[in-house]
Every structure is written in C-alpha cells, then in structure tokens.
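Working notes, beginning with the structure itself.
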Amino acid sequence: MAITKARKDELVAQYVDLLNQSEAVFLTEYTGLDVKQMQALRLEVRKVDGTYRVTKNTLLKLALEESGMPIPADLMNGQIAAGFAKNEAPSLAKALTEFAKDEGMLVIKGGILGDELLSADQVDALAKLPSMDELRAQLLSLLQGPARNIAGTIAGSVRQVVNVVDAYSKIEGEAEPSA
C-alpha cells in the first residue's frame, strides 16, 4: 500500500524530531520478530528512556540529511528499525544487545553516536560501558574511601590523646590519696 506525500512528510518530521532529541541512534534488522517480541523489545527500550521505531529506509535517510547527521548507506537495507537513545546511549545499546542475544532474531547493524558512524562491534562495546548511575556510584565510592580514611585517622588520633589524658588523670588520682 502506497503512502501519501503528506504521510511521508509527517514521518520524516517525526524522525527528525526523534533524531534531534537523541544522543544516539542504533539501526537494527528485525526480520523474523513477531508482534509479541516487538512489544517486549519496545518495553525494554522504554525502560531505558528510548524509542524504538520501524522505519522506512528512504524516509530515514531524508531525516538524517535534514538533521545534518551522517547517513550509514551500507546499513540502510532490509527491514530496518531504529532505536533512539534520548538520555544514555550505553543503556539503550545494552538493552538492544541483550534482547538480540536472548531472542536471536534481532540483528544490530550499527548506529550513529553524535556525528560518528558506529559498526555493530562498536555498538556492542558501547553496551558494555557502565550506565551513568553506575559511574556515579563508582565515583562516589572513590571519593568516600579517602574521606573515610581521613575521618578514621583523625578519630584515632583524638582517641589516643583522650587515652593519654585519661591515663594521666588515673595516675594523678591514685597519687593524691596517698599524699
């Protein structure tokens, strides 16, 4: 069934809007996935604040041109769907690669991160990076370690001074009754 010119323009505008909101776009081939699997994939993508859309290749190329992004012509063949990462590219890459490993029918072809084209291997490497929350937790633990050591050292030094003063007070207290 042919799409009208107005519908094509509407789809291109939607793709441009998604591209402008996204940090990264990952292109996948979804041949063989049924409706239930597509719904499960979309749910996983939404959990990481992304969007997953089945796209028309020619219209996606037009949207990429309008957005000033590189066009991965070698990746734009077959049944293509695009995952748009609104916040964290590694989180979406991880969700897509895990789904691809679990289901086996989804093939990650590559993607676009900023102005750089990514191969499927680079998307896989990106998926192995920690999320921002994990990085924040690691940074916080790195900062807390030295602070905890300093606090322990200061508390230990104060404890030693208190013990010395207490020992002198006990010695003085024992010396006074005998006098």
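The values are calculated or read from the model by the stated rules, or taken from the named source; none is laboratory data. Keep in mind that this is a model prediction, so the values were computed, not measured. In this analysis, Cβ positions are derived from the backbone assuming ideal geometry, glycine residues included, and neighbour counts consider all displayed protein chains. Surface accessibility is based on the protein's heavy atoms, side chains included, excluding ligands, DNA and RNA. Shrake-Rupley method; radii C 1.70, N 1.55, O 1.52, S 1.80 Å.
Both the radius of gyration and Dmax for region 1-101 are 13.3, 38 Å, in that order, over alpha-carbon atoms. Accessible surface area normalised per residue over the chain is 62 Å², counting heavy atoms of protein chains with a 1.4 Å rolling probe.
By the Kirkwood approach, averaging reciprocal distances over each pair of separate Cα atoms, region 122-178 gets a hydrodynamic radius of 15.7 Å.
For Leu62, the shell of other residues with beta-carbons less than 15 Å away shows a net charge of +1, using +1 for Lys and Arg and -1 for Asp and Glu. The long axis of helix 89-103 is offset from the longest Cα principal axis of the chain by roughly 70 degrees. Calculated translational diffusion coefficient of region 57-137 (25 °C, 0.890 mPa s; Stokes-Einstein with Kirkwood radius over alpha-carbon pairs) equals 181 µm²/s. If you take all other residues with their beta carbon under 14 Å from the beta carbon of Lys128, and give Lys and Arg +1 and Asp and Glu -1, the sum is -3. Residues whose amide H comes within less than 5 Å of that of Lys109, counting only those at least five positions distant or on another chain, are Leu27, Thr28, Glu29 (H built at 1.01 Å from N in the peptide plane).
Treating the angle as unsigned and between 0 and 90°, give the value, to the nearest 10°, between the Cα long axis of helix 5-21 and the longest Cα principal axis of the chain. Long axis of 5-21 versus the principal axis of the chain: about 20 degrees. Each Cα pair under 8 Å and six or more residues apart adds its sequence gap; the mean of these over the residue count of the chain is a relative contact order of 25 percent. Local charge for Lys86 was computed over the other residues whose Cβ lies under 9 Å away, with Lys and Arg +1 and Asp and Glu -1, and equals -3. Calculated mean residue ellipticity at 222 nm for the chain: -21000 deg cm²/dmol, from DSSP H runs with n ≥ 4 weighted as -39500 (n - 2.57), summed, divided by the residue count and rounded to 500. Only lysines eight or more places from Lys86 in sequence, or on another chain, were considered; those with a Cα closer than 20 Å are Lys47, Lys61, Lys94, Lys109, Lys128. Our summary gives region 98-179 a relative contact order of 11 percent, counting only alpha carbon pairs under 8 angstrom and 6 or more residues apart.
Pick the calculated percent of Cα pairs over 22 Å apart for this structure from [x] 52; [y] 57; [z] 45? Structure-derived value, by its label: [y].
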